[in-house]
Amino acid sequence: MSVDYKTAMVTSGPGIFFDGLTSARHHVSVELEPATLLVRGAEGHLLTRWPYADLEHLSAPDGMLRLGRRGNALLARLEIRDSVLAAAIDELAATVDRTGTIERRSRTRVVAWSLAAVLSLILVGVFGVPAIADRLTPYVPAAVERKFGEAVDAQVRSTLDSGRSGGALVCGAAETEKEGRAALNRLVARLEAAAALSIPIELAVVRQPPANAFALPGGRVYVFEGLINKAQSADEVAAVIAHELGHVAHRDSTRSVIQAAGLSFLFGMVLGDFVGGGAVVMASKALLQTSYSREVERRADAYGIELIAKIGGDPHALGEILTRIDGSNHPGMKLLLDHPDTQDRLAAIKAAPPATGAIPLLSPTEWAALKRICTGR
Amino acid sequence: MSALEAVGPSPSSADAARVAADTAAAAIPPGVGTARFVGSDKAYWRLMVRGAVLLLCTLGIYRFWLATDQRRFLWANTEVAGDPLEYTGTAREILVGFLIAIAVLVPIYVGFFIAAMDLGTIGRISGLLAFVLLALFGKFAVYRARRYRLTRTVFRGVRLHQSGSAWLYAFYSLLWLALTFISAGLLYPWAQASLERYKMRHTFYGDAPGRFVGSGTRLFLKGGTLWLVVMGPLLLGLGYAIRGVDWNALADAIGSDNVIGQIESASPNFGPALASLVAALLWSTLAAAVFYPAFQAMTLRWWASGLRFGTMAAKSRLRARQMYRLYFRFVGYALVFALIAGVISTFVFGFAFAVLKAVDNATIVELTQVIGGIISYVVLMLGYSTIYQVTVKLRLWRLSFETVELTGLQELERVRAAGVASSGFGEGLADALDVGGL
């Protein structure tokens with residue numbers, strides 16, 4: 001906006017004027033007065049007068065100054081290609097910003113606020129979404145949870161069942177398996193009685209080789225055959241079931257659905273609508289979701305240890321079976337694991353007080369029957 | 001082109017401009033003009049590269065400002081019959097429109113989420129319902145976004161505007177989409193003509209009503225050969241495959257243990273049928289890629305030549321080879337970018353691995369790897385997108401204006417201003433639904 005003496009002296013020059021009423025082009029001369037700008041037509045008659053304070057600097061190609069009048073319902077336009085005249089107007093009107101200084105300053109503000117918004121959204125993702133999910137979960141009616149559980153259950157069963165041959169998916173139905181099922185029922189009944197959950201538990205052992213177990217919304221728990229094979233005592237099986245009952249008691253599946261929906265909204269809709277943004281969104285969602293889930297697992301462990309102690313089992317049994325399973329699992333990327341590091345979990349379990357009265361949860365015959373729950377194919 | 005430059009208001013005094021305009025008027029018939037693009041590639045590169053960096057840093061929030069900057073640049077540097085266009089939209093308007101769109105969409109998404117949980121009939125059809133409704137919303141947004149852009153386009157102190165029902169347009173365009181799909185693309189020309197007629201019938205420059213005179217039949221006759229080359233073999237292959245296979249035997253075979261063996265014994269034609277289908281698919285994909293620029297040039301020429309505002313008319317002389325040149329240029333730039341990115345990433349990753357070897361905290365190493373991987377992916381994608389925007393989109397914009405000849409421009413002396421600025425809701429909805437374009 002620096003202007004030398006010569007340009008400040010200019011008081012008139014040519015321009016093109018559109019009056020905003022019609023599209024007719026007027027070749028005009030522009031006269032600069034101390035407070036206003038006069039637009040005169042070819043015959044010298046006054047077309048309009050604009051105070052400098054009302055001038056609006058509009059987007060234009062290089063080498064053209066395009067002006068409008070602020071607060072004018074008409075789209076009247078004055079276009080000036082004469083650089084000397086343009087510089088003189090720039091000097092007189094504060095709103096005219098030919099060097100782009102004002103624009104750059106406002107743009108810097110936009111970028112700064114956008115960065116602040118990103119930071120705040122990340123904080124909401126890390127702290128806000130889990131907190132909201134915690135508050136909302138108790139308000140989800142049990143009926144909704146059960147219905148949702150049924151829908152998920154159908155999906156899970158068809159996934160578990162596909163590509164598998166020999167025997168029914170669920171163990172315990174065949175004649176040779178009935179005894180095992182009875183032993184399991186006794187174990188579950190003891191845990192359920194001690195846990196005093198608001199919804200009944202439906203537990204099934206499925207013919208699947210991995211050493212795994214999970215809980216679905218609405219009180220369904222699946223234990224895999226592989227886990228029963230790995231277990232060396234009834235307490236170990238009970239410990240895993242107690243851990244899953246922790247998920248049921250805490251309503252973790254419902255919570256995780258709310259969390260996932262919240263994150264999808266936050267990162268999917270507000271952020272990331274640009275090329276390659278999908279990858280950023282997916283990665284941040286995965287990182288956040290697994291971090292929520294690690295916390296959830298820690299709480300389920302604590303619940304399970306307490307529950308197993310309540311029915312007189314060995315609180316350290318969970319640690320023993322975890323150690324055995326972990327040896328056979330592949331080490332993966334720690335950040336993307338949805339369960340906490342086994343070493344951390346083991347340390348937490350070891351910290352629990354050891355068993356007080358050593359009454360086995362199942363008799364040796366019952367335990368032997370439970371081990372055979374999936375053998376009757 | 002030189003005649004147009006003379007018409008342009010470049011001389012340093014009003015008198016000189018008038019003289020120049022008069023001489024130009026003497027040389028060419030009255031009311032005839034052209035359009036040209038005066039923006040430099042360099043300025044657009046700068047705008048887009050800076051925009052890409054800011055998009056990355058703000059995780060996309062900057063997109064409202066970038067889109068506005070892009071449009072301001074494109075509009076301001078486009079001269080039609082000597083006068084540059086003007087884009088008057090602001091990023092704030094689009095941002096507000098986007099926030100309103102979110103407020104409208106969230107209850108709908110929540111409703112579908114709850115419906116999907118329900119096991120009854122509603123739950124089962126909710127997926128399909130959501131798909132149709134969102135497609136309808138998308139088309140609605142496209143029409144409303146067009147209205148926003150038109151009302152933010154000012155030419156010679158008069159704005160463009162659009163009337164018409166966005167819901168009706170959405171309904172028509174989904175209907176035509178279905179018909180085009182069913183007819184294997186044969187009805188595409190009539191779909192385009194009909195939708196364009198609807199849009200232009202409701203488009204105005206001040207009080208000059210727009211209309212579209214392009215004929216679907218004309219486009220069909222021009223593009224028929226291309227359709228035969230691309231789609232013909234595919235349909236033939238498909239027909240042969242359908243006739244050649246014993247479908248009952250195939251259905252029986254799929255349940256059995258030895259699928260391939262069963263199929264082969266039941267219908268000996270299965271092998272050749274499959275082979276012809278694959279060959280047809282391969283041919284169609286290849287032909288579609290090779291002839292796409294020619295197709296694009298043809299439809300763009302047809303579209304531009306059909307545009308009318310009052311007595312003003314456009315005629316496009318766009319050639320297919322100009323379109324091919326544009327894509328070759330993109331491929332060239334993309335290859336150079338890949339080379340540069342390869343060299344840089346070799347150095348950066350080499351250095352990073354050396355540093356990470358010294359660090360024994362597993363979490364930090366892992367976090368660096370994950371974040372580094374994502375950033376390099378995004379940089380690569382944004383880089384290609386930027387190259388595409390500048391080498392293809394900008395050139396396409398320039399080409400479509402510079403190949404056009406305008407007639408009936410006498411009307412420009414008497415078009416009266418009309419229409420009001422519309423809200424940014426359509427634009428925001430288009431963004432929220434990912435159907436936005438330039």
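Where a number appears in this text, it was derived from the coordinates with a stated rule and is not lab data. Bear in mind that the values here come from a model prediction, so they are computed numbers and not experimental data. Heads up, the Cβs are rebuilt from the backbone with ideal geometry, glycines too, and the neighbour counts pull from every protein chain shown.
Relative contact order, whole percent, for region A:161-252 stands at 23, derived from Cα pairs under 8 Å and 6 or more residues apart.
Using a Förster distance of 35 angstrom, determine the FRET efficiency expected from the C-beta separation of B:Val420 and B:Phe112, and round it to 0.05.
Numbers: r = 35 Å, r/R0 = 0.99.
That pair, B:Val420 with B:Phe112, gives E of 0.50.
Nearest 10 degrees, 0 to 90: what angle lies between the long axis of helix A:101-123 and the longest principal axis of chain A (Cα atoms)? That helix lies at roughly 10 degrees to the long axis.
How big is the dipole moment of the protein assembly as shown about its Cα centre under a simple scheme where the beta carbon of each Lys and Arg is +1, that of each Asp and Glu is -1, and everything else is neutral? Debye, nearest 20, please. Spell out each step's value before the answer.
Working: 79 positive and 66 negative charges, 421 e Å.
It comes to approximately 2020 debye.
Modelled spin labels at A:Thr323 and A:Glu295, positioned 7 Å past Cα toward Cβ, are 3.0 nm from each other. Taking only Cα atoms, what is the 0 to 90° angle, nearest 10, from helix A:178-195's long axis to the longest principal axis of chain A? Rounded to the nearest ten degrees, it is 60. Peptide A:66-76 has a mean shielding of 2, counted as Cβ atoms of other protein chains within 10 Å of each residue's Cβ.
Computed on the Cα trace of region A:66-187, the radius of gyration divided by the Kirkwood hydrodynamic radius gives Rg/Rh = 1.49. Using C-alpha pairs below 8 Å separated by at least 6 residues, the relative contact order for region B:118-197 is 25 percent.
With the cut-off at under 16 Å, measuring from each backbone N in region B:171-188 to a point 7 Å along the Cα-to-Cβ line of B:Leu236 picks out no residue. Summing charges over all other residues whose Cβ lies under 11 Å from the Cβ of A:Thr137, with Lys and Arg as +1 and Asp and Glu as -1, gives 0. For the protein assembly as shown, the Kirkwood estimate of hydrodynamic radius, built from reciprocal distances between every pair of different alpha carbons, is 32.6 Å.
In summary, the lysines within cross-link reach of A:Lys285, defined as a Cα separation below 17 angstrom excluding same-chain residues under 8 places away, comprise A:Lys334. Dividing the helix sum by the residues of chain A, where each DSSP H run of 4 or more adds -39500 (n - 2.57), gives a mean residue ellipticity at 222 nm of -15500 deg cm²/dmol. The label point for A:Ala174 and the one for B:Ala334, both projected 7 Å from the Cα toward the Cβ, are 5.6 nm apart. In degrees between 0 and 90, to the nearest 10, how far off the longest principal axis of chain A does helix A:252-263 point, with axes built from Cα atoms? Computed tilt is about 10 degrees. Take the Cα of B:Ser40, step 7 Å along the line toward its Cβ, and report every residue of region A:91-124 whose backbone nitrogen sits under 20 Å from that point. The answer is A:98-101, A:104. Normalised by the number of residues in chain A, the average gap of Cα pairs under 8 Å and 6 or more apart makes the relative contact order 14 percent.
With only Cα atoms counted, region B:134-228 has Rg and Dmax values of 15.0, 47 Å.
Under the simplified labelling scheme, the B:Leu380-A:Asp54 pair shows an inter-label distance of 5.7 nm, with each label point 7 Å from Cα along Cα→Cβ.
Taking the three principal axes of the alpha carbon atoms in region A:1-99, the coordinate ranges are 37, 27, 25 Å, sorted in descending order.
In loop segments of region B:378-415 as defined by DSSP, the trypsin sites (Lys or Arg not before Pro) with at most 15 further C-beta atoms inside 10 Å of their C-beta are B:Arg414.
For the protein assembly as shown, B:Cys57 have no disulfide-compatible partner, since no other Cys C-beta lies under 4.7 Å from theirs. Here the Gaussian network model covers chain A, with springs between Cα atoms less than 10 Å apart; of A:Ile349, A:Ile122, A:Ile16, A:Ile16 fluctuates the most.
Dipole size of chain A about its Cα centre, with +1 on Lys/Arg Cβ and -1 on Asp/Glu Cβ: approximately 360 debye, rounded to the nearest 20.
Let's test the formula: R0 of 41 Å, r as the Cβ-Cβ distance of B:Ser345 and A:Glu306. What FRET efficiency results, to the nearest 0.05? Walk me through the numbers on the way to the answer.
Numbers: r = 51 Å, r/R0 = 1.25.
Efficiency computed from Cβ-Cβ geometry: 0.20.
Shown is the FRET efficiency for A:Val124 and A:Ala368, computed with R0 = 45 Å from the Cβ-Cβ distance and rounded to the nearest 0.05: 0.25.
Taking the alpha carbon gyration tensor of chain A, multiplying each eigenvalue by 5 and rooting it gives semi-axes of 78, 20, 17 Å, largest first. Label zone of A:Ile199 (point 7 Å out along Cα→Cβ, amide N under 11 Å): in region A:236-255 this covers A:248-255.
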